Amino acid sequence: MTKPPLTLHLAAPRGFCAGVDRAIKIVELALKKWGAPVYVRHEIVHNRYVVDGLRAKGAVFVEELDECPNDRPVIFSAHGVPKSVPEEAARRNMIAVDATCPLVTKVHLETQRHHEQGRQLIMIGHAGHPETVGTMGQAPEGAVLLIETVEDVATLQVADPDRLAYVTQTTLSVDDTAEIVAALQARFPGIEGPAREDICYATTNRQAAVKAIAPKIDALIVIGAPNSSNSLRLVEVGRTGGCPNAQLVQRAGDIDWAALEGARDVGLTAGASAPEALVNEVIDALRDCFDVTVELVETAVERIEFKIPKALREAEEAA
Ligand code: SF4
């Protein structure tokens with residue numbers, strides 16, 4: 001039987017970013033240096049395939065530090081943790097390795113600086129997301145106000161409108177965040193913000209690639225986890241950018257084939273925590289049903305790499 005033709009518009013950049021790459025490497029090197037088990041507070045990155053792979057090598061994933069024994073190393077996930085977490089690990093004399101992405105750490109430092117300089121902080125982010133919890137936890141409880149939408153700006157109650165600063169989660173929608181920042185600046189003209197926005201290069205680049213593809217396609221597949229902020233934003237960007245038929249899948253087995261019926265042009269991308277193996281798995285599944293021609297849509301080239309923490313450099317050199 002002849003298969004229907006399908007042009008697959010493959011976004012680039014897609015998938016793993018430098019922060020995710022580094023976090024996974026940190027867990028692997030820690031296992032090499034200290035042996036199993038190594039404890040990891042929260043999923044190291046939001047991807048089940050990655051987490052299961054590390055679990056098979058001896059990583060133990062927990063949600064809180066009190067689930068870790070004192071005599072085994074603990075790693076903090078790429079999303080970052082509130083200040084109280086490393087403080088508690090130090091109090092318990094634990095070996096702790098911080099896999100927080102350096103671009104999240106940058107936002108932590110901004111938060112601390114503004115708080116020390118007496119400014120009230122407003123964080124633009126998603127309630128309950130570990131990165132938001134970690135960033136808000138850089139200042140005492142109640143010192144950082146969280147907003148999620150433009151509408152939230154109107155109802156904000158601040159102590160002193162002339163002593164305000166804002167920070168953002170790194171994985172938000174570039175366009176939605178620009179609107180929220182504009183609303184903040186309109187209401188509080190003296191508000192301070194980051195010199196360069198907090199949304200990271202990987203989030204920005206992956207959204208730009210989807211924007212370039214969206215108007216040309218009948219359907220979009222985004223590979224990522226339902227709790228991955230940057231993957232969810234890629235689905236939204238696809239929908240608002242011209243492709244309402246956008247789906248999030250964790251693996252090829254999740255593809256909604258009915259949504260691809262009659263499609264001739266399909267876009268494919270992956271969130272920053274999704275490995276390339278899953279992209280290849282989805283392409284293979286599409287090839288089973290369609291006569292696929294892959295067209296790469298490259299809107300940026302990424303060459304960023306982050307250093308491994310000192311405690312693991314020897315293990316890295318020996319690898
Ligand atoms: Fe770092 Fe951005 Fe990757 Fe998050 S998405 S780990 S902030 S580079």
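The values are calculated or read from the model by the stated rules, or taken from the named source; none is laboratory data. Being a predicted model, the structure only gives us computed values, none of them experimental. Cβ placement follows ideal geometry from the backbone for every residue including glycine, while neighbour counts extend to all protein chains displayed.
Observations on the structure shown:
- Any hit, the stretch 302-314, residues being surrounded by 11 or more Cβ atoms within 10 Å (Cβ to Cβ) and over 26 Å from the mean Cα position of the chain (by Cα): yes
- Annotation note: of Pro73, Pro69, Pro82, Pro37, the sole residue that is away from the ligand (no atom under 16 Å from the Cβ), touching a Phe, Trp or Tyr at 6+ places or on another chain (Cβ under 6 Å), modelled with pLDDT of 95 or more and not hydroxyl-bearing (Ser, Thr, Tyr) is Pro73.
- Cβ pairs under 7 Å, 6+ apart, first in the stretch 199-211 and closer than 14 Å to Ala270 by Cα, second near the ligand (Cβ under 8 Å from one of its atoms) and in a helix (DSSP H, G or I): Thr203/Asn230; Arg206/Asn230
- Some residue of the stretch 95-109 being of a type in the set (Asp, Glu) and crowded, with 18+ Cβ neighbours inside 10 Å: yes
- Pro226 vs. criteria in a loop (DSSP other than H, G, I, E, B) and without any contact (Cβ under 8 Å) to a residue 24 or more places away in the chain: no
- Restricting the stretch 163-185 to residues that are away from the ligand (no atom under 16 Å from the Cβ) and in contact with a Gly (Cβ under 9 Å, 6 or more places away or on another chain), the residue that is nearest to Val237 (Cα to Cα): Val181
- Test result for Ala89, aliphatic (A, V, I, L, M) and surrounded by fewer than 16 Cβ atoms within 10 Å (Cβ to Cβ): no
- Of the residues screened, Leu234 is not one that is modelled with pLDDT of 95 or more, not in a helix (DSSP H, G or I) and not assigned by TED's automatic domain parsing to the domain that holds Ala139.
- Among (1) assigned to a loop (DSSP other than H, G, I, E, B); (2) within 16 Å of the ligand (Cβ to nearest atom), the one test that Asp160 misses: (2)
Let's see how each residue does on (1) surrounded by fewer than 17 Cβ atoms within 10 Å (Cβ to Cβ); (2) among the charged types (D, E, K, R); (3) in contact (Cβ under 8 Å) with a residue 12 or more places away in the chain; (4) in contact with a His (Cβ under 9 Å, 6 or more places away or on another chain):
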position: Cys17; (1), (2), (3), (4): no, no, yes, no
position: Lys25; (1), (2), (3), (4): no, yes, yes, no
position: Leu29; (1), (2), (3), (4): no, no, yes, no
position: Pro37; (1), (2), (3), (4): yes, no, yes, no
position: Ala56; (1), (2), (3), (4): yes, no, no, no
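- Qualifying position, being closer than 22 Å to Val27 by Cα, acidic (Asp, Glu) and within 16 Å of the ligand (Cβ to nearest atom), among Glu110, Glu87, Glu131: Glu131
- When the stretch 223-276 is filtered for residues that are under 22 Å from Ala127 (Cβ atoms) and buried (at least 24 other Cβ atoms within 10 Å of the Cβ), the ones remaining, listed by number, are Gly224, Ser228, Ser229, Asn230, Ser231, Arg233, Leu234, Val237, Gly271, Ala272, Ser273.
- Test: residue in the stretch 289-300 that is at positive phi and either touching a residue at least 60 places away in the same chain (Cβ under 8 Å) or surrounded by fewer than 13 Cβ atoms within 10 Å (Cβ to Cβ) (or both): no
- Only one entry of Val279, Val294 meets the criterion of being at pLDDT 95 or above, β-branched (Val, Ile, Thr) and outside any strand (DSSP E or B), and that entry is Val279.
- Cross-chain or 6+ apart pairs with Cβ under 7 Å, the stretch 72-85 first and more than 25 Å from Asn230 (Cα to Cα) and in the same structural domain as Lys32 (by TED's automatic domain parsing), then among the charged types (D, E, K, R) and modelled with pLDDT of 95 or more: Val74/Arg41
- Single unsatisfied condition, Tyr201 versus (1) more than 14 Å from the ligand (Cβ to nearest atom); (2) within 20 Å of the chain's Cα centre (by Cα); (3) surrounded by fewer than 24 Cβ atoms within 10 Å (Cβ to Cβ); (4) of a type in the set (Ser, Thr, Tyr): (1)
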